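Chemist: Sending over a structure as structure tokens; questions will come in a sec.
The values are calculated or read from the model by the stated rules, or taken from the named source; none is laboratory data. Because the structure is a prediction, the values reported are computed rather than measured. Glycine also receives a Cβ, built like all others from the backbone with ideal geometry; neighbour counts cover every protein chain displayed.
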Amino acid sequence: MRTYISEQPAITLTGVQVRTTNAEEAGPNRRLPKLWETYFQSQITSQTPTINSHLIYALYTDYESDATGAYTTLIGHEVASVKLRDEDKFHTVEVPASKYLVFTTEKGPVYEVVAQAWGKIWEYFKESEEVRAFTGDYELYDARNLDPEQTQLQIFIAIK
């Protein structure tokens, strides 16, 4: 997995969200697969004006503490404004400007690639000089070439 550091401006994301923990996601009551189903069924890009609608964000935010605590995951798109047609269906989150350590995954089946990448990220930060900020981390998918069997994505981890 390749890494580089990048400064990113603040962005506003709109999408569907759920609150969960890594312990829940490792067990039988996983919420994130259902959240992805909800996202794909939502047709969000036809209901709200998005920026670069081919880019899908899976944002991890509102951390209770660190990687072991509860957090909110929002799957959606960047928007210019926060006016939504269906306030109950979609949520909007402001991701602050930050410095990120960006991890580029290998290509492979999406669920394997994402799980392996997060495992490597957690291990990396156990011994890293960089310190996670826990202000908003995200996976970035490009829907123009989204092949579930040959997925490659970038994971942006906010650092101090």
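Chemist: Can you confirm whether Thr38 is touching a Ser or Thr at 6+ places or on another chain (Cβ under 9 Å) and over 15 Å from Leu153 (Cα atoms)? Lay out the reasoning, then the answer.
Modeler: Numbers: touching a Ser or Thr at 6+ places or on another chain (Cβ under 9 Å): no; over 15 Å from Leu153 (Cα atoms): yes.
So Thr38 fails the test.
Chemist: How many of the residues in the range 113-127 are of a type in the set (Lys, Arg) and closer than 11 Å to Phe103 by Cα?
Modeler: Number satisfying all stated conditions: 1.
Chemist: Those residues that are among the hydrophobic types (A, V, I, L, M, F, W, C), outside any helix (DSSP H, G or I) and in contact with an Asp or Glu (Cβ under 7 Å, 6 or more places away or on another chain), I need them from the range 92-150; list them, please.
Modeler: Of everything in the range 92-150, those that are among the hydrophobic types (A, V, I, L, M, F, W, C), outside any helix (DSSP H, G or I) and in contact with an Asp or Glu (Cβ under 7 Å, 6 or more places away or on another chain) turn out to be Leu101, Phe134.
Chemist: Name the pairs: first residue in the range 105-123 and among the β-branched types (Val, Ile, Thr), second residue assigned to a helix (DSSP H, G or I), Cβ to Cβ under 6 Å, at least 6 apart or on different chains?
Modeler: Every condition considered, the pairs that remain are Thr105/Val113; Thr105/Ala117.
Chemist: Another question, then. Just to be sure I understand, how many residues within the range 69-84 are among the β-branched types (Val, Ile, Thr) and modelled with pLDDT of 95 or more?
Modeler: First, the residues of the range 69-84 that are among the β-branched types (Val, Ile, Thr): 72-73, 75, 79, 82.
Filter once more, keeping what is modelled with pLDDT of 95 or more: 72-73, 75.
Qualifying residue count for the region: 3.
Chemist: Would you confirm, using the coordinates I've provided, whether Thr105 is among the β-branched types (Val, Ile, Thr) and either touching a strand residue (DSSP E or B) at 6+ places or on another chain (Cβ under 6 Å) or at pLDDT 95 or above (or both)?
Modeler: yes
Chemist: Select from the range 1-42 the residues that are within 12 Å of Phe90 (Cα to Cα) and more than 14 Å from the chain's Cα centre (by Cα) and write down the one among them that is surrounded by the most Cβ atoms within 10 Å (Cβ to Cβ).
Modeler: My answer is Ser42.
Chemist: Here's another thing I want to ask about it. Taking the options Leu101, Leu55, Leu59, Leu74, name whichever one is within 25 Å of Gln152 (Cβ to Cβ) and surrounded by fewer than 16 Cβ atoms within 10 Å (Cβ to Cβ).
Modeler: Values: Leu101 fails: surrounded by fewer than 16 Cβ atoms within 10 Å (Cβ to Cβ); Leu59 fails: surrounded by fewer than 16 Cβ atoms within 10 Å (Cβ to Cβ); Leu74 fails: surrounded by fewer than 16 Cβ atoms within 10 Å (Cβ to Cβ).
When all the criteria are applied, what remains is Leu55.
Chemist: Which of the residues that make up the range 114-159 are crowded, with 16+ Cβ neighbours inside 10 Å, of a type in the set (A, V, I, L, M) and over 14 Å from the mean Cα position of the chain (by Cα)?
Modeler: Hits for the range 114-159 are Ala133, Ile159.
Chemist: Pairs under 6 Å by beta carbon, first residue within 17 Å of Ala115 (Cβ to Cβ) and without any contact (Cβ under 8 Å) to a residue 40 or more places away in the chain in the range 26-54, partner in a helix (DSSP H, G or I) and β-branched (Val, Ile, Thr), six or more apart or different chains?
Modeler: Cβ pairs passing all conditions: none.
Chemist: To continue, here is another question. Thr104: touching a Lys or Arg at 6+ places or on another chain (Cβ under 6 Å) and either acidic (Asp, Glu) or closer than 25 Å to Glu123 by Cα (or both), yes or no?
Modeler: Details: touching a Lys or Arg at 6+ places or on another chain (Cβ under 6 Å): yes; either acidic (Asp, Glu) or closer than 25 Å to Glu123 by Cα (or both): yes.
When the stated conditions are applied, Thr104 passes them.
Chemist: Which pairs do you get when a residue that is at positive phi, found in the range 146-160, comes within reach of a residue that is among the charged types (D, E, K, R) and buried (at least 20 other Cβ atoms within 10 Å of the Cβ), reach meaning Cβ atoms under 7 angstrom, with the pair 6+ apart or on two chains?
Modeler: none
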